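The values are calculated or read from the model by the stated rules, or taken from the named source; none is laboratory data. In this text the structure is predicted, and so the values were computed from the model without any measurement. Backbone-built Cβ (ideal geometry, glycine too); neighbour counts: all protein chains shown. In case anyone asks, the SASA skips ligands and DNA or RNA and just uses the protein heavy atoms, side chains included. Shrake-Rupley method; radii C 1.70, N 1.55, O 1.52, S 1.80 Å.
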Amino acid sequence: WERPVYDDTWRVPYEELDVAVRTACAMYKVAQVGADPFFLGQLLQQWEYDGLPILEIPTNSTTRSVPATKRFFDAVMETRIKQDGNPVLRRHIANCVPKVDARGLRIARDRNNPTAFIDGAVAAVFVHDMASKVAQEPGLWMY
């Protein structure tokens, strides 16, 4: 789901999201369901209570985002991962601007462009990070 441009009233359809996540967990062996608790706190609590493998990922945490961004960048540059042509992901990655400070490099949204969504890019960075860690340690469920 993506908020339509210039529609500040739009909200994530939580019932649809709930059904989609539960369906995926029922159909596949899901190692982790990662999500930002800032937006999905109550839903994450319910999923965890119901036994789904939840991993809370505060996407504003530089402790997590800086190393995850580096791993993602390295994987792209070494062609260990590549984009499948999804236009939303392509647009969201193109909307990213680098943010560098004493804590390191991470992706950020261009604050001068209110329609420059980067949610898909942030998700790609953290999904890659989660998948990399699970691949390194197949028994790993949390970090």
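Couple of notes before you dig in:
- Prolate/oblate/rounded call for segment 54-125, Cα gyration tensor, a/c under 1.5 rounded: rounded
- Extending 7 Å from the Cα toward the beta-carbon at both Gln83 and Arg111 defines two label points whose distance is 2.6 nm.
- With helices as the sole contributors, the chain gives -15500 deg cm²/dmol at 222 nm; each DSSP H run of n ≥ 4 counts as -39500 (n - 2.57), and the sum is divided by every residue.
- Calculated FRET value between Gln46 and Asp8, using beta carbons and R₀ = 22 Å, to 0.05: 0.25
- Surface composition of the chain: carbon and sulfur make up 58 percent of the accessible area, probe 1.4 Å.
- Assigned charges on the beta-carbon of Lys, Arg, Asp, Glu; the chain dipole about Cα centre (debye): 580 debye
- Label-to-label distance, Asp101 versus Phe73, with points set 7 angstrom from Cα along the beta-carbon direction: 1.6 nm.
- Label-point separation, Ala26 to Ala135 (7 Å along Cα→Cβ), nm: 3.0 nm
- Unit Cα scatterers, Debye sum, the chain: log10 I(q)/I(0) for q = 0.08, 0.12, 0.15 Å⁻¹: -0.24, -0.55, -0.88
- Around Val12: net Lys/Arg minus Asp/Glu count, Cβ-Cβ under 11 Å: -3
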